[in-house]
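The structure appears below as structure tokens.
The values are calculated or read from the model by the stated rules, or taken from the named source; none is laboratory data. Everything quoted here is computed from the prediction, not taken from an experiment. Cβ atoms come from the backbone with ideal geometry, glycine included; neighbour counts cover every protein chain shown. Ligands, DNA and RNA are stripped out before the accessible areas are found, and what is left, the full protein with its side chains, is counted by its heavy atoms. Shrake-Rupley method; radii C 1.70, N 1.55, O 1.52, S 1.80 Å.
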Amino acid sequence: MLGYTITQWLFGILSFLAVMFALLVVFSKNPVHSVLYLVLTFFCIAGHYLLMNAQFLAIVHIAVYAGAIMVLFLFVIMLLNLNEQHEPRRTSVSRIIGVIVAGLFLMVLVGVLKGTEQLQLTNTANAEAGLIKNLGQVLFNEFLFPFEIVSILLLAALVGAIMLGKKEVKENVNENRI
Amino acid sequence: MNGLIIICGLGLLAMISEIFKFRSVLFPLVLTGLLAALALNVWEWNNPMHISYFENMIGFDRSALAFSTVILAIALLWFVLAQDYFKSGQHLVDHYALVLFALAGALMLTGCKNMTTLFLGIETLSIPMYVLAASKKNDLKSNEAGFKYLIMGSFASGFLLFGIALVYGATASFDFEEIKAYIAVFQGELPGFFYVGVIFILIAMAFKIAVAPFHFWAPDVYEGSPVLITGLMSTVVKTAAFAAFMRLFMMCFSNVSELWVTLLAVIVALSLAVSNFTAVMQTNTKRMLAYSSISHAAFMLMIIMSDKGETASVNSLIYYSLAYSLASLSAFAVIYLVSKNGSEDITELNGLHKRNRLLTITLTIALLSLAGIPVTAGFFAKYFVLSQIPSDTLLWLTILAIISSTIAAFYYLKIVGSMFFADSYTKEPIVVQKSHAFVLIVCVVLLLLFGMVPGLITELALY
């Protein structure tokens, strides 16, 4: 088809969708819609991971980003009752400053892109490295120690979150009850 | 390695002690565990059988063992000190578990030989500290401290990860030794983003050890956190972060030292100037000690900068962290005991001489040591730093260091003076528990001992 392979077509479509949804995240007025579009953007990026043969990363990306973090976002938006637009009207000064800053940033980006040189990859990565089987083998052989330590790290974070979240029992209240 | 395993086990034990109802024996258990870890460290020192473990992920050579011994010893003293702090709160078990997990992270940092263990060590050390900083839940300042620490710490972790990714992209390895070998072979042909990566890692580590211009979180966090947690931050956390800094820059990136030595010189100069001039104006003791810790961090960075053959530098870094930790721990202990029924204001220390003799003597020795006055350990710590700086290229830094420590001596001695000669608003004596008195006396004796016989540390055969 027009000299492109299927992978290239998929890459093009996914990139187009990702950019479209990302724009919709910014432009939609309703915060809940924004979050939902962001979920779709994440799905498109997960598709990119699949194209690069990184199955595990794709699944984790959907489970963690689209699943956990976005649900958290939705919860917060609904709890704070933000489903209407409460944003204060921006003054023209802040708009002009925003345009100038964004324009400068664009200039930097264009300059950097023009200045890049084509680097030859010295180490070509193993194309199968992202498959779940290979990843698991690396994780449980070479990276066994970090894998175990992550459990300690998560445990510490869990204990910390519970400690901060637990309701403080007020001592004098207890005395009153007795 | 054995120490690390024991500390992880103790953390888990602390968590299940609530379920199986042996909470009351948890404190002696933790002390025994720490003593066992210390003893095993000494044993490992004498029988170096395995240097590295788990595919070279972590390795306890002698310098790592020395650093972890310092950390474990300080932690032991800290636990004895913090006994009644644990009793007062409602989340006794959680506090124990969090401190022990932070300790595990600290030990991991002393032995890291791989970027993954470095990152995980820093996170395991930091995350419990964020929570502990916010552990006074009803105190607005404590909440602010925890939140600020979390945001700034996550920011630094982001820098660290980005830097690690860039260095990995250039050298295709996480392993310190492999990266070093790669740099040695391909020196001069390394891509630009490798250098950016090294600078990002440097920035992240500077955040963690709190040196200017990445120090802005430190005074607020030190002030807001509970006193004992601040004591933990300025001793254990700092020592561990410096151990990692040393391993990373003296061992892994030593071949590109011309890149980071200049940067470190700027960081050191800024920290010395900012911290000492600001510390003079502080009225809160904890805030003042925070600025003083920034200036001490700058001194420790000078050791890393003036790397003259690894052994001497590592020895003086260990000596400096030990001297600083002991002095800092005893200073925070005194502030904790004084501020129990009062405020943390500097005027609270006025006339302490008439309220409690032991506290006055301890704080005097600790402050003299921080100022670097002879007979205390702080003198030789600073002496080794200044004698190791190459005088041909960095003479200006030596002069700046001497000027700033003179200013530092001024504000330390001002407190000493007010303790003896100023009038306090109350004459009510402060009662010190036996266990607290024990810790204070041990700290003072060690400070004087290391000050008189510095060879105990500096002549340790690290290799």
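For this structure, a couple of remarks:
- For beta carbons closer than 6 Å, sequence separation of 6+ or different chains, a first residue in segment A:52-64 that is in the same structural domain as A:Val39 (by TED's automatic domain parsing) and a second that is open to solvent by less than 50 Å² (accessible area, probe 1.4 Å) and part of a helix (DSSP H, G or I), the qualifying pairs are A:Ala58/A:Ala46; A:His61/A:Ala46; A:Ile62/A:Ala46.
- Selection status of B:Ala104, of a type in the set (Gly, Ala, Ser), in contact (Cβ under 8 Å) with a residue 12 or more places away in the chain and more than 28 Å from B:Leu248 (Cβ to Cβ): no
- Pick from segment A:1-22, criterion among the small types (Gly, Ala, Ser) and under 21 Å from A:Val71 (Cβ atoms), ranking: least open to solvent (accessible area, probe 1.4 Å): A:Ala18
- Residues of segment B:56-69 that turn out to be more than 14 Å from every other protein chain (Cβ to nearest Cβ) and of a type outside the set (Val, Ile, Thr), as a count: 8
- Top-ranked residue of segment B:1-46 - restricted to ones that are touching a residue at least 40 places away in the same chain (Cβ under 8 Å) and of a type outside the set (A, V, I, L, M, F, W, C), ranked as farthest from the other protein chains (Cβ to nearest Cβ): B:Glu44
- Taken as a whole, the structure leaves B:Ser257 outside the set of residues that are touching a His at 6+ places or on another chain (Cβ under 8 Å) and either at pLDDT below 90 or buried (at least 18 other Cβ atoms within 10 Å of the Cβ) (or both).
- Segment A:89-116, residues that are among the β-branched types (Val, Ile, Thr), at pLDDT below 85 and within 29 Å of B:Pro191 (Cα to Cα): A:Val112, A:Thr116
- Options B:Thr398, B:Thr364; residue that is modelled with pLDDT of 85 or more and more than 14 Å from B:Ser306 (Cβ to Cβ): B:Thr364
- Scanning segment B:65-110 for residues that are among the aliphatic types (A, V, I, L, M) and outside any helix (DSSP H, G or I) returns a single hit, B:Ala82.
- A residue that is small (Gly, Ala, Ser) and at the interface with another protein chain (Cβ under 10 Å from one of its Cβ atoms) cannot be found anywhere in segment B:70-87.
- Filter pass, B:Gly121 being open to solvent by less than 10 Å² (accessible area, probe 1.4 Å), more than 7 Å from every other protein chain (Cβ to nearest Cβ), closer than 21 Å to B:Leu76 by Cβ and assigned to a helix (DSSP H, G or I): yes
- Residue within segment B:134-142 that is within 19 Å of B:Trp217 (Cβ to Cβ), in contact with a His (Cβ under 8 Å, 6 or more places away or on another chain) and in a helix (DSSP H, G or I) present: no
- For segment A:23-55, residues that are open to solvent by 60 Å² or more (accessible area, probe 1.4 Å) and not in a helix (DSSP H, G or I) total 2.
- Tally of residues being open to solvent by less than 50 Å² (accessible area, probe 1.4 Å), more than 22 Å from B:Leu326 (Cβ to Cβ) and of a type in the set (A, V, I, L, M, F, W, C) across segment B:409-463: 1
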